Amino acid sequence: MSTVHEILSKLSLEGDHSLPPSAYATVKAYSNFDADRDAAALETAIKTKGVDEVTIINILTNRSSEQRQDIAFAYQRRTKKELSAALKSALSGHLEAVILGLLKTPAQYDASELKAAMKGLGTDEDTLIEIICSRTNQELYEINRVYRESNQLFGKRCEDTSVIDYELIDLDARELYDAGVKRKGTDVPKWINIMTERSVPHLQKVFERYKNYSPYDMLESIKKEVKGDLENAFLNLVQCIQNKQLYFADRLYDSMKGKGTRDKVLIRIMVSRCEIDMLKIKSEFKRKYGKSLYYFIQQDTKGDYQRALLNLCGGED
C-alpha cells in the first residue's frame with residue numbers, strides 16, 4: 001500500500017459545525033415544492049422534440065438534494081421509468097454529467113466519484129484526496145455505507161471538541177518539526193499520525209504553533225521534505241485544514257485557468273458544494289483571484305452546460 005493510500009485510509013476531517021449547512025448554500029429547498037408537478041414537467045421536457053434542456057436545468061438546479069430524490073420517486077411512479085435513465089438518454093456531454101450528479105444523494109455522488117478515481121490503470125490521487133480530505137466524519141460514514149462492498153475506505157479522525165489542549169498542541173507542533181525539518185529524512189508515519197488523527201480546530205492551532213519551532217510554515221516544510229504524490233497529499237490535506245473553502249476556490253481556479261477546462265473537477269465541486277458552502281467558496285475565490293467565480297464560469301463554458309453551472313453558482317457576486 002502506498003504511503004498516500006495510508007494517509008487516505010486513516011483520514012477523515014471533522015468540519016465546522018458553527019452554522020447550519022444551508023447558511024452558505026447557493027442551492028436551497030424550493031419553497032413552493034410539488035414533486036408531482038416537477039415530475040410531470042420533466043416528463044414533458046424529456047419527450048419534447050429536441051429535448052427541453054432549459055426546463056430540466058431550471059427544475060433540477062433549483063431544488064434541494066432531498067427534493068430531487070422526491071421528484072425521481074414521483075417520476076418513476078408516474079412513468080414506470082427511472083428518471084436518471086431517462087435523462088441519461090435525453091442529455092449528453094458535460095450537461096449530462098452535471099444533471100446525473102445532482103440526481104444522486106451527496107454520499108452516492110462522492111462514492112461514485114471515488115470509485116471512478118480508483119478504476120482502471122493508475123489511481124486519480126487528486127480526486128481521492130479532494131473528497132476524503134474535505135468531508136466530515138458524518139459525510140465519510142455515509143460514503144462508507146454506500147460503498148460497503150469495498151470494506152472500509154477510510155478511518156475516523158478525533159471528534160471536534162470545545163476543549164483546547166494547549167499541551168498537546170505544543171507537543172504535536174514540536175513533533176511535526178522534529179520528524180521533518182529538524183532531521184535528515186522525514187519520519188512520514190509520524191506526520192501521518194498527527195495529521196490524520198487530530199481534529200481540525202486542534203490542527204489549525206498546531207500549524208500556528210509550528211511556526212515557533214520551524215523557520216518555515218507547514219506548507220513550505222512539506223515542499224522541502226517530500227515529493228511527488230506524497231507532497232501533493234500533504235499539501236492538499238494542510239490546505240484543507242487551514243481553510244477548506246479557499247482550498248476549493250483554488251481547485252476551481254486551477255480547473256479553468258490556461259487552455260482547456262478540467263471539467264470533471266469543475267463539475268464535481270459545483271455539484272458537491274452548492275448545498276454546503278458555495279457562498280464561502282465564492283467569496284474566497286473573488287478575494288484571491290480578483291474576479292468572481294461566476295465570471296470565470298461564464299468565460300470558460302457555454303450553452304446549457306454553462307446555464308446549469310451558473311445556477312449552481314447562485315448568481316453574480
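The values are calculated or read from the model by the stated rules, or taken from the named source; none is laboratory data. A quick note: this is a predicted structure, and the numbers were derived from the prediction, not measured. We place every Cβ from the backbone using ideal geometry, glycine too, and count neighbours over all the protein chains shown. Calculation scope for accessible area: heavy atoms of the full protein, side chains included, ligands and nucleic acids excluded. Shrake-Rupley method; radii C 1.70, N 1.55, O 1.52, S 1.80 Å.
Quick notes
- When segment 57-73 is filtered for residues that are out of contact with any Lys or Arg (no Cβ under 7 Å at 6 or more places or on another chain) and among the polar types (S, T, N, Q), the ones remaining, listed by number, are Asn58, Thr61, Asn62, Ser65, Gln67, Gln69.
- The set of residues in segment 100-122 that are in contact (Cβ under 8 Å) with a residue 40 or more places away in the chain, of a type in the set (Ser, Thr, Tyr) and open to solvent by 20 Å² or more (accessible area, probe 1.4 Å) contains only Thr105.
- Index of the failed condition, Ala249 passing every other in (1) in contact (Cβ under 8 Å) with a residue 60 or more places away in the chain; (2) open to solvent by less than 10 Å² (accessible area, probe 1.4 Å); (3) over 24 Å from Tyr177 (Cβ atoms): (1)
- Within segment 56-84, the set of residues being in contact with a Phe, Trp or Tyr (Cβ under 6 Å, 6 or more places away or on another chain) and over 22 Å from Ile276 (Cα atoms) comprises Leu83 only.
- Within segment 261-306, the set of residues being farther than 24 Å from Ser92 by Cα and of a type outside the set (D, E, K, R) comprises Ile276, Met278, Leu279, Ile281, Ser283, Phe285, Tyr289, Gly290, Ser292, Leu293, Tyr295.
- Scanning segment 188-213 for residues that are of a type in the set (Asp, Glu) and buried (at least 16 other Cβ atoms within 10 Å of the Cβ) turns up just one, Glu197.
- In segment 57-82, residue least open to solvent (accessible area, probe 1.4 Å) [restricted to those that are over 20 Å from the mean Cα position of the chain (by Cα) and in contact (Cβ under 8 Å) with a residue 60 or more places away in the chain]: Ile57
- Looking only at segment 83-108, and only at residues there that are in a loop (DSSP other than H, G, I, E, B) and either in contact with a helix residue (DSSP H, G or I) (Cβ under 8 Å, 6 or more places away or on another chain) or of a type in the set (Val, Ile, Thr) (or both), the one that is farthest from Gly50 (Cα to Cα): Thr105
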